[in-house]
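The values are calculated or read from the model by the stated rules, or taken from the named source; none is laboratory data. A quick note: this is a predicted structure, and the numbers were derived from the prediction, not measured. Here the Cβ positions follow ideal geometry from the backbone for every residue, glycine too, while neighbour counts run over all protein chains shown.
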Amino acid sequence: MSERLSKCPLCKSARFLNYSEITDFAVTGEKFILCKCSDCQLLFTNPRPGQTEIGPYYNFPEYFSHEDKAKSITQWIYQKVRNYNISKKVDFIEQYKKKGKLLDYGCGTGEFLRAAKSKGWKVAGIEPNDKARHQANLKLKDRIKESIEETDQNTRYDIITLFHVLEHIHDLRKTTKRVLNHLKSSGYILIAVPNHDSWDGKKYGKFWAGWDIPRHLYHFNSNSITAFKDEFGLELIETKPMKFDSFYVSLLSEGYLDKEAPLLKKYWNAFFAGLKSNKMASKPGEYSSNIFVFKRK
Ligand SMILES: [Zn+2]
């Protein structure tokens, strides 16, 4: 049974309207409705698969078993860039705190935490996916838990990161509050999310890979990020663009737009779309994806 929300999952307003219908191009081909909150402007997938039903939408057998060369090249590039980005992310958090306790919520297989640990950070992670968590725990000596409830109640962190995670969390308000309970009063929380108001978001429209429905339950832009900050008593300290995301998202979107398109054409189009998206974003926050750095007020 899917789950139908009667209130905005961010501001609890009952005033929202259907906004669009988007296809799950990556996995199932199913269509989902996006609603838009009239108060905080958040877009949210509604109805949506409940927490116990979402699992299969993360299984990508189609994706991998029919893997063509295009996808493996794309994945190869993705991994190279990811490794580069991991060291950049460690540099980025060190602008705020030189060392301390770091919690990565949605840490995947733990590469970012491992890199931070090697630079002296005391690390912990949350990862609900069993397979990824198992791999992360092999690297990080069982520092990774399945949920925030399993972490030590009394531990407070200097930095908490959620890189492309917030948009996947079913109980947005409750989980955000629980996560914030673990943040030191002087700590920073870094949240990266895609931005549907970006140039590539608008260019690809319903074919934009950043929707990633129904895995993405929420779709933020600068308005709903402001609402998020106010809702949880946070102050926005910095917004940092994730410039590679525009290329990667454009490449996936090209594939959704035209499955039969030759590989080179997709790369060519995605390259220019990525460049243009980054160029058109005249200020941080307008990029394809952004990292928002918050502090408690
Ligand atoms: Zn709302």
Flagged pairs (Cβ under 7 angstrom, 6 or more apart or on separate chains; first in the range 1-30, over 27 Å from PHE232 (Cβ atoms); second within 12 Å of the ligand (Cβ to nearest atom) and not in a strand (DSSP E or B)) are none
Taking the range 274-297 and keeping only residues that are of a type in the set (A, V, I, L, M, F, W, C) and modelled with pLDDT of 90 or more, one is left with ILE291, PHE292, VAL293, PHE294
Condition (residue is more than 30 Å from ASN59 (Cβ to Cβ) and either within 16 Å of the ligand (Cβ to nearest atom) or modelled with pLDDT of 90 or more (or both)) applied to the range 247-270: is it met by at least one residue? yes
All conditions in (1) surrounded by fewer than 22 Cβ atoms within 10 Å (Cβ to Cβ); (2) in contact with a strand residue (DSSP E or B) (Cβ under 9 Å, 6 or more places away or on another chain); (3) in contact (Cβ under 8 Å) with a residue 24 or more places away in the chain are true of ALA136 except (1)
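Answer with yes or no whether THR239 is touching a Pro at 6+ places or on another chain (Cβ under 8 Å) and over 29 Å from PRO56 (Cα atoms). If you could, list the steps in order and put the result at the bottom.
Numbers: touching a Pro at 6+ places or on another chain (Cβ under 8 Å): yes; over 29 Å from PRO56 (Cα atoms): yes.
Taking the combined requirement at face value, the residue satisfies it.
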Selection over the range 107-133 where residues are in contact (Cβ under 8 Å) with a residue 60 or more places away in the chain and buried (at least 19 other Cβ atoms within 10 Å of the Cβ) yields a count of 0
Per the list (1) in contact with a Ser or Thr (Cβ under 6 Å, 6 or more places away or on another chain); (2) at pLDDT 95 or above, residue check on ILE159 breaks on (1)
(1) touching a Gly at 6+ places or on another chain (Cβ under 7 Å); (2) aliphatic (A, V, I, L, M); (3) surrounded by 22 or more Cβ atoms within 10 Å (Cβ to Cβ) all hold for LEU166 apart from (1)
Restricted to the range 207-225 and to residues being among the small types (Gly, Ala, Ser) and within 16 Å of the ligand (Cβ to nearest atom), the residue surrounded by the most Cβ atoms within 10 Å (Cβ to Cβ) is SER224
Restricted to the range 3-27 and to residues being under 30 Å from LEU251 (Cβ atoms) and surrounded by fewer than 16 Cβ atoms within 10 Å (Cβ to Cβ), the residue farthest from the ligand (Cβ to nearest atom) is THR23
Filtering the range 28-73 for residues that are buried (at least 18 other Cβ atoms within 10 Å of the Cβ), more than 16 Å from the ligand (Cβ to nearest atom) and at pLDDT 95 or above leaves a count of 2
Of those in the range 190-235 that are without any contact (Cβ under 8 Å) to a residue 12 or more places away in the chain and of a type outside the set (Gly, Ala, Ser), the residue nearest to TYR57 (Cα to Cα) is LYS202
Selection from the range 255-282 of residues under 20 Å from the mean Cα position of the chain (by Cα) and either surrounded by fewer than 12 Cβ atoms within 10 Å (Cβ to Cβ) or within 19 Å of TYR78 (Cα to Cα) (or both) yields TYR256, GLY274, SER277, ASN278
